Amino acid sequence: MAFLELNDVVKSYGDNTVLRAITLHVEKHQVICLIGASGCGKSTLLRCVNGLETIQGGDIRLEADVVSGEGVDLDALRRRVGIVFQSFNLFPHMTVLQNITLAPVRVLGIDRADAEAQALTLLARVGLDAKAAAYPDQLSGGQQQRVAIVRALAMNPEVLLLDEITSALDPELVAEVLAIVRDLAADGLTILMATHEMSFAREVADRVVFLHEGLILEEGPPEAIFGEPREERTQAFLRKIVAAGRL
């Protein structure tokens with residue numbers, strides 16, 4: 001049994017089926033990159049794993065525990081599975097340090113001094129310890145996204161979900177955020193990442209998953225997906241990416 005499993009997962013909004021019997025197995029310490037055109041279901045898939053969306057079919061399991069459906073303890077799930085969004089979602093009225101320590105103190109019951117010490121250690125890791133007392137509107141977009149990643153890491157998640165975390169950033173800020181993800185991957189954190197950064201996926205991913213209209217059409221190691229894709233839809237998608245100079 002895999003560390004994280006999606007088994008025949010179906011997600012619908014009324015008559016609109018967004019995920020169609022998705023089956024995806026992720027081993028511990030793997031980095032899985034989800035690719036595909038906008039609207040293919042990448043973000044919805046991540047939101048289902050974190051319990052932000054309820055599913056209409058199948059199940060999601062974390063270390064064999066069912067974490068989808070009726071009666072799931074969502075607080076317990078989100079202690080194990082962190083998520084970072086493309087919009088930073090920092091609380092504007094709180095400092096960087098307050099943003100990061102809020103959940104560890106309130107949800108995990110960590111002593112405030114210990115939570116702050118951990119937060120400062122994590123901020124130093126991403127080069128932002130000097131910004132602990134700053135407010136979000138005093139930071140660049142890249143800095144805010146790094147803070148959002150630190151906020152997720154402060155909960156010590158077993159799995160980190162990254163939802164297009166560079167899409168709202170100016171091109172010059174993308175590299176600084178991806179450098180953090182590269183370090184986390186090197187540390188062995190299990191990461192499930194929706195991304196349009198194909199070169200990054202090619203470099204970092206253990207496996208690349210191509211979604212099209214709510215289906216997994218193809219998955220495999222980066223060299224196979226980017227080098228010799230089997231499916232015509234994958235080939236067409238990658239041709240557009242190459243034409244746009246993004247691979």
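Where a number appears in this text, it was derived from the coordinates with a stated rule and is not lab data. Fair warning: this is a prediction, and the values are worked out from it, not measured in the lab. For neighbour counting, all protein chains shown are included, and Cβ atoms are generated from backbone atoms with ideal geometry for every residue, glycine included.
What distance in nm separates the simple spin-label points at residue 8 and residue 38, each placed 7 Å from Cα in the Cβ direction?
The modelled label-to-label distance comes out at 3.4 nm.
Could you list which residues have their amide H under 5 Å from that of residue 55, counting only those 5 or more apart in sequence or on another chain, with H placed in the peptide plane?
Counting only residues 5 or more places away or on other chains, the set is 69.
Net charge around residue 28, counting only other residues with Cβ within less than 15 Å of its Cβ (Lys, Arg = +1; Asp, Glu = -1)? Could the numbers behind the result be given before it?
On the way: positive: 61, 80, 207; negative: 5, 27, 63, 65, 158, 187, 206.
Once all neighbours under 15 Å are counted, the net charge is -4.
Which of the trypsin sites (Lys or Arg not before Pro) across the stretch 195-236 are loop residues per DSSP, with 14 or fewer other Cβ within 10 Å?
Here the sparse-neighbourhood loop sites are 230.
Give the percent of DSSP beta bridges with both residues in the stretch 119-236 that are antiparallel, rounded to the nearest 5. Please list the in-between numbers first.
Values: 5 of 10 bridges.
Approximately 50 percent, going by the DSSP bridge assignments.
Convert each backbone phi in the stretch 3-11 into a coupling constant with the Karplus relation 6.51 cos²θ - 1.76 cosθ + 1.60 (shift: θ = phi - 60°), then list the ³J(HN,Hα) values in order as whole Hz, x for Gly and Pro.
Result, ordered by residue: 4, 10, 10, 10, 10, 6, 6, 10, 10 Hz.
Return the FRET efficiency for the residue pair residue 56, residue 25: r is the Cβ-Cβ distance, R0 is 22 Å, and the value is rounded to the nearest 0.05. Don't skip to the end; give the middle numbers.
On the way: r = 20 Å, r/R0 = 0.93.
So, using R0 = 22 Å, E works out to roughly 0.60.
For residue 140 and residue 235, FRET efficiency with R0 = 30 Å and r from the beta-carbon atoms, rounded to 0.05?
0.20
Just tell me which aspartates and glutamates come within less than 14 Å, Cα to Cα, of residue 28; anything on the same chain fewer than 8 places away is out.
Once the sequence-local aspartates and glutamates are set aside, what remains near residue 28 is 5, 63, 158, 187, 206.
Subtracting the Cα-Cα distance from 0.36 nm times the residue separation, let me have the gained length for residue 242 to residue 15 in nm, one decimal.
Values: separation 227, 0.36 × 227 = 81.72 nm, distance 3.45 nm.
Difference between extended and current length: 78.3 nm.
For the residue pair residue 112 and residue 93, what label-to-label distance in nm results when each label sits 7 Å from Cα along the Cα-to-beta-carbon direction?
Calculated label separation equals 1.7 nm.
Roughly how many Å is it from the Cα centre of the stretch 141-179 to that of the stretch 76-103, as a whole number?
The distance from the Cα centre of the stretch 141-179 to that of the stretch 76-103 comes to 11 Å.
Distance in nm between label sites at residue 121 and residue 187, each 7 Å beyond Cα in the beta-carbon direction?
Roughly 1.0 nm, to one decimal.
Which of [x] 70, 52, 30; [y] 68, 38, 29; [z] 53, 45, 33 is the computed Cα extents along the principal axes in Å for the structure on display?
[z]
What does the helix-only formula give at 222 nm for the chain: each DSSP H stretch with n ≥ 4 adding -39500 (n - 2.57), the total divided by the residues, and the result rounded to the nearest 500 deg cm²/dmol? Display every interim value, and only then the final one.
Details: 9 runs with 94 residues, N = 247.
Rounded to the nearest 500, the figure is -11500 deg cm²/dmol.
Could you give the length gained by full extension between residue 167 and residue 76, i.e. 0.36 nm per residue of separation minus their alpha carbon distance, to one decimal place? Spell out each step's value before the answer.
Details: separation 91, 0.36 × 91 = 32.76 nm, distance 2.91 nm.
Fully extending the segment from residue 167 to residue 76 adds 29.9 nm.
With a cut-off of at most 15 other beta carbons within 10 Å, and DSSP calling the residue loop, which GluC sites (Glu not before Pro) in the stretch 42-148 qualify? Please list them. Write down the numbers at each step before the final one.
On the way: sites: 53, 63, 70, 116; in loops: 53, 63, 70.
Here the GluC sites (Glu not before Pro) that fit, given the DSSP loop and packing criteria, are 63, 70.
Could you order the peptides 23-30, 41-48 from most to least packed, using the average number of other C-beta atoms within 10 Å per residue? It would help to have the intermediate numbers written out before the result.
Details: 23-30: 16.0, 41-48: 22.9.
By packing density, highest mean first, the sequence is 41-48, 23-30.
Just want to confirm a number: the relative contact order over the stretch 139-235, from Cα pairs under 8 angstrom separated by 6+ residues, in percent. It would help to have the intermediate numbers written out before the result.
Numbers: 91 pairs, mean separation 20.6, N = 97.
About 21 percent, as a whole number.
As a footprinting exposure proxy, order 68, 140 by other Cβ within 10 Å, with the fewest listed first.
Values: 68 21, 140 13.
In order of increasing Cβ crowding within 10 Å: 140, 68.
Please arrange 239, 78 by counting, for each residue, the other beta carbons lying within 10 Å of its beta carbon, fewest first.
Working: 239 12, 78 19.
With the sparsest Cβ surroundings first, the list reads 239, 78.
Over the chain, what is the relative contact order in whole percent, taking alpha-carbon pairs under 8 Å and six or more residues apart? List each step's numbers first, then the result.
Values: 449 pairs, mean separation 63.6, N = 247.
Averaging sequence separation for qualifying contacts and normalising by length gives 26 percent for the chain.
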